[in-house]
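Each remark here refers to the structure printed beneath this line.
The values are calculated or read from the model by the stated rules, or taken from the named source; none is laboratory data. Computed from a prediction, not measured in an experiment: that's the story for all the values here. Please note: Cβ atoms are built from the backbone with ideal geometry, for glycine as well, and neighbour counts cover all protein chains shown. Just the protein is used for accessible areas: all its heavy atoms, side chains included, with ligands, DNA and RNA removed. Shrake-Rupley method; radii C 1.70, N 1.55, O 1.52, S 1.80 Å.
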Amino acid sequence: MRLPFSLPRARWLVAGFALALTAGVVKSQHLDDRLLFLIKENSLTQGQRDASIWLPGYHAVIQGKSLSGLEHDETSDLTYNPLSGTLYTVTGKKPLLVELSREGEVLRSIPLIGFSNPEGVAMMEDGNLAITDERRRTLSLVRVNALTTEINAADATEYDLGFPESRNKGFEAIAWDPAQGRLLLGKEREPRALYSWDSDGRGQVFGNMRELPSGGLQMRNVSAMSIDPRTRHTLVLSAQSNLLLELDERGDPVSFISLIGGLNGLRQGIPRAEGVAMDEAGDIYMVSEPNLFYVFRKDSPANTTAADKLAVVPAG
């Protein structure tokens, strides 16, 4: 029987198909992006690593702890309050502001009246809080203290975030940058972008949002952000990429960790990481849908291998 093509040609076709398939997997799983991050990490001197957050040195010390009573409320975002030494998260299905201990105990739940789908929360100065509502496309500035029992959107100072066509792809990430007197906001995707908005940290923003350079932000979506008060570097979390990325003050990548099982002390991967916060000691806190809590601590030298860092992300 005569073959319709020669054997050498068949080998080239098979090799070409395998190469195309490999390239597709690499692109769809963002392995090319992780390789670029890894190359950047390995180019840093020890002094530069010591001056950074250096995520490869972190390991999970609390993982997958259920936040009591929030099983059906979908926790989203996380922020740290240095005045009380506690954390705050918001929930989307039933709009709540929930205060947590740093061990993941629910301390109180505060109803968010008039909110539709709160996705982002950031503690600013003296108990002033910023909340983004993705469905209403608003930034709300409110105050919270130990006596607060509810927060009403009608009493908040509110600003329109624009992008009316965004629907469920709007502003999920927000963080307060006290050193530069600004709020950082992250639009989830389409387009994925970072913005800054000048603020006094006490209930007002000034001027307009300004788009920031984000060429190094190679991830599928932006879920949450947090500012390290020590290095002034930014943590950017992506649920769809299962990735936590450190950016320097110019917005360039410095270090990263993959949030999948078997790495950085995680017994299992984080299902959908939606919030990240950092305290003054450098501990990193995360929440995942539906109601899971994690703590990462830098308590031992980094031992993550290149193969680990390039691990395939489950499709989602």
Quiz item: Can you tell me which residues in segment 134-149 are within 21 Å of A224 (Cβ to Cβ) and either open to solvent by 70 Å² or more (accessible area, probe 1.4 Å) or assigned to a loop (DSSP other than H, G, I, E, B) (or both)?
Solution: E134, R135, R136, R137, V144
Quiz prompt | strands (runs of 3 or more DSSP E) lying entirely in segment 220-283 (those with 2 or more residues that are more than 15 Å from the chain's Cα centre (by Cα)) | solution = none
Quiz item: Is there a residue in segment 227-244 that is under 15 Å from E188 (Cβ atoms) and surrounded by fewer than 24 Cβ atoms within 10 Å (Cβ to Cβ)?
Solution: yes
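Return yes when E158 is among the charged types (D, E, K, R) and closer than 22 Å to Q204 by Cβ and no when it is not.
Considered against the rule, which asks whether it is among the charged types (D, E, K, R) and closer than 22 Å to Q204 by Cβ, E158 comes out as yes.
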Quiz prompt | Considering residues of segment 171-187 that are in contact (Cβ under 8 Å) with a residue 40 or more places away in the chain and over 16 Å from R232 (Cβ atoms) only, the residue nearest to the chain's Cα centre (by Cα) | solution = A173
Quiz prompt | When residues of segment 286-302 are limited to those that are at pLDDT 95 or above and under 25 Å from L44 (Cβ atoms), the one most open to solvent (accessible area, probe 1.4 Å) | solution = R297
Quiz item: From P95, P118, P82, which residue is open to solvent by 50 Å² or more (accessible area, probe 1.4 Å) and of a type outside the set (D, E, K, R)?
Solution: P82
Quiz item: Do you know which residues across segment 211-225 are touching a residue at least 40 places away in the same chain (Cβ under 8 Å) and open to solvent by 10 Å² or more (accessible area, probe 1.4 Å)?
Solution: Q218, R220
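Results for (1) more than 17 Å from A122 (Cα to Cα); (2) of a type in the set (A, V, I, L, M), shown as yes or no for each residue.
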residue	(1), (2)
G186	no, no
E190	yes, no
A193	yes, yes
G201	no, no
V205	no, yes
Quiz item: Just for segment 156-207: of the residues that are under 16 Å from V222 (Cα atoms) and of a type in the set (D, E, K, R), which one is surrounded by the most Cβ atoms within 10 Å (Cβ to Cβ)?
Solution: E172
Self-check item: Unmet requirement for S52, which otherwise passes all of (1) without any contact (Cβ under 8 Å) to a residue 40 or more places away in the chain; (2) out of contact with any Lys or Arg (no Cβ under 7 Å at 6 or more places or on another chain); (3) of a type outside the set (D, E, K, R); (4) assigned to a loop (DSSP other than H, G, I, E, B)
Solution: (1)
